[in-house]
1. Tell me the residue from A:111, A:99 that is within 25 Å of residue B:132 (Cα to Cα) and either away from chain B (no Cβ under 14 Å) or open to solvent by 10 Å² or more (accessible area, probe 1.4 Å) (or both), please.
2. Please specify each residue of region B:28-54 satisfying the condition of being among the acidic types (Asp, Glu) and within 30 Å of residue D:53 (Cβ to Cβ).
3. Scan B:151, B:162 and give me the residue that is out of contact with any helix residue (DSSP H, G or I) (no Cβ under 6 Å at 6 or more places or on another chain), open to solvent by 20 Å² or more (accessible area, probe 1.4 Å), modelled with pLDDT under 95 and basic (Lys, Arg).
4. Starting from residues that are part of a loop (DSSP other than H, G, I, E, B) and out of contact with any strand residue (DSSP E or B) (no Cβ under 6 Å at 6 or more places or on another chain), keep the ones in region D:42-80 and report whichever is least open to solvent (accessible area, probe 1.4 Å).
5. If you check residue A:79 against the conditions, is it more than 10 Å from every other protein chain (Cβ to nearest Cβ) and free of Cβ contacts under 8 Å to residues at least 60 places away in the same chain?
6. Please work out if residue A:155 is part of a loop (DSSP other than H, G, I, E, B) and within 17 Å of residue A:28 (Cα to Cα).
7. Given the criteria assigned to a helix (DSSP H, G or I) and in contact with a Ser or Thr (Cβ under 6 Å, 6 or more places away or on another chain), does residue B:90 qualify?
8. Being among the hydroxyl-bearing types (Ser, Thr, Tyr), under 18 Å from residue B:146 (Cα atoms) and surrounded by fewer than 22 Cβ atoms within 10 Å (Cβ to Cβ) narrows it down to one of B:84, B:28, so name that one.
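The values are calculated or read from the model by the stated rules, or taken from the named source; none is laboratory data. These numbers come from a predicted model, not from an experiment. Every residue, glycine among them, receives a Cβ derived from its backbone with ideal geometry; neighbour counts consider all protein chains shown. Areas reflect the complete protein model, heavy atoms only, side chains present, ligands, DNA and RNA absent. Shrake-Rupley method; radii C 1.70, N 1.55, O 1.52, S 1.80 Å.
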4 protein chains.
Amino acid sequence: MAIRIFITGGTFDKEYNELNGELYFKDTHMQELLSLGRSRLTVQIKTLMMIDSLEMTPEHRNYIADECRQCEEDKIVITHGTDTMAETARVLAQQVSGKTIVLTGAMIPIKFGSSDGLFNLGSALAFVQSLPPGVYVAMNGRYFIWDNVRKNRQTGIFEELKPVSTHTG
Amino acid sequence: MAIRIFITGGTFDKEYNELNGELYFKDTHMQELLSLGRSRLTVQIKTLMMIDSLEMTPEHRNYIADECRQCEEDKIVITHGTDTMAETARVLAQQVSGKTIVLTGAMIPIKFGSSDGLFNLGSALAFVQSLPPGVYVAMNGRYFIWDNVRKNRQTGIFEELKPVSTHTG
Amino acid sequence: MAIRIFITGGTFDKEYNELNGELYFKDTHMQELLSLGRSRLTVQIKTLMMIDSLEMTPEHRNYIADECRQCEEDKIVITHGTDTMAETARVLAQQVSGKTIVLTGAMIPIKFGSSDGLFNLGSALAFVQSLPPGVYVAMNGRYFIWDNVRKNRQTGIFEELKPVSTHTG
Amino acid sequence: MAIRIFITGGTFDKEYNELNGELYFKDTHMQELLSLGRSRLTVQIKTLMMIDSLEMTPEHRNYIADECRQCEEDKIVITHGTDTMAETARVLAQQVSGKTIVLTGAMIPIKFGSSDGLFNLGSALAFVQSLPPGVYVAMNGRYFIWDNVRKNRQTGIFEELKPVSTHTG
């Protein structure tokens, strides 16, 4: 059961440029995190782009959807900036079917001491293995269906748009 | 959907005693890791014991099983030493039913720079939300059913006892 | 032999704002670093300002010089942005005498996993205890006299303006 | 002005063996720390041994002294276990003259998140450049002359045997 991992950028992969003090993208830290987590999953990693999610255009999202449709794996994790993660989830839900797609990211860059990235990645890889086909956002230890999630810009926390009727158990 | 978290010790929570150079237990780092992961899950944390899993006796395991039965949550994550994690999983499977129980731990203590603990915790919390009732081990990014898992002592990696027929999709 | 520590900001104390993705100042991490280094030095810490050194004006520098003259300690460490550290050193050399003053900083914020800040602080505190009165910059494991140092903007490395005649042992 | 760095082991270079849960020595982390500190010092690193300082014999200490005498550098930093650091300092003071020798180490292994090693190294490298010939211990941000230092085993802190009369500048 191979898992496809697509990299699109976002806070997750930002680094500090010590010459000018700005944050920028170099390479993804995905392989490094998988080693840190002693992951033994079979994964295929592909970097689609390395951008802030606020700069993501409809073309970028169509490209991600294309790649999701065309890859042979039906379990896909996408690292993505948090600001427009819900928007990309919506586009993927419209264009891709029959696959479990989980978007995740980080509030703090991986390279910082206090990043949530490793936790989120562990969580996203687990959800993609265990949730039925559909498009999800995995953040804050939780998962959200694509049509019921937003990032609260004031708090930085992901939340439902409307309450979920919970008959869990 | 509250999640119960039971702490039993293991490498996960080991610390370095700088006066005598030995590893020991002080308090659990669970709350610290949940904050780091910006978790917004509703959890109830209870420390049952703080021991190496090689020191775990049948009495310890019965106590853990009792607590799993008696707690009101039906989703339970247990942090546990890796050496006998599979053994405890077996006892829980015999004594607890109707609940999703996920055991996890770490190969490297949380307090070390290169711990897998945060990744494993993210993964265990995701699996406990999405897997059907049963007892599981979550390590190396994967999950294993209680009756088909062992830790390979040579490699430190968790693996199936027998191959799984995979008609995944 | 108390040591005075003045905080002025710079990369050293920058943090990541997870709501807007920008770097900013909150509090100094000096106390945290001294604890990490298990320092048993008697120090007096005072935050004079929290700014980028590119924003530092003649007024700011005069204020730092005033504080250096007026404090009762004659060993002073100043954390400072690297870009204009040499400029502030020059102003201090003109206005303060009879004290050992060591400026230091960091190329990477303390809060990042790979910061040079702890190393630089250890080095600055050692130099201030052992060098004769004068104004120095301590970076890259070395010390530089105020009138023979610049930061090379291309490489991010501190270097002498002119070669030092070394009749060192 | 090249600096000689001798590695002898100690907590500084201990690693966690994730297969058996024990601390052990593999390679020194010296090069890694110098990179982290963006050090531009000219150094010659040589590993003399990798042992706990409690296991250090008179033969080991004589060997270290030989190497100190024979190396061409007259500025030497030695990483060493903290328990018998003062004892080795005494042997070196008896056998080596005309060189500045600074012993340092760590209370917590480098590979742990909260090590004092980087701070101590920055401090030792600074002291070796600025102190007159003699043998010193650099710990807790301070330096101690070889004949007036001990590690307090109860507190883990280095201290003078007898008060120093301070007519410091």
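1. Selected residue: A:99, the only one of A:111, A:99 that is within 25 Å of residue B:132 (Cα to Cα) and either away from chain B (no Cβ under 14 Å) or open to solvent by 10 Å² or more (accessible area, probe 1.4 Å) (or both).
2. B:52
3. Result: B:162 is the single residue among B:151, B:162 that is out of contact with any helix residue (DSSP H, G or I) (no Cβ under 6 Å at 6 or more places or on another chain), open to solvent by 20 Å² or more (accessible area, probe 1.4 Å), modelled with pLDDT under 95 and basic (Lys, Arg).
4. Among residues in region D:42-80 that are part of a loop (DSSP other than H, G, I, E, B) and out of contact with any strand residue (DSSP E or B) (no Cβ under 6 Å at 6 or more places or on another chain), the one least open to solvent (accessible area, probe 1.4 Å) is D:56.
5. no
6. Here the answer is no, as residue A:155 does not meet what is asked.
7. no
8. B:84
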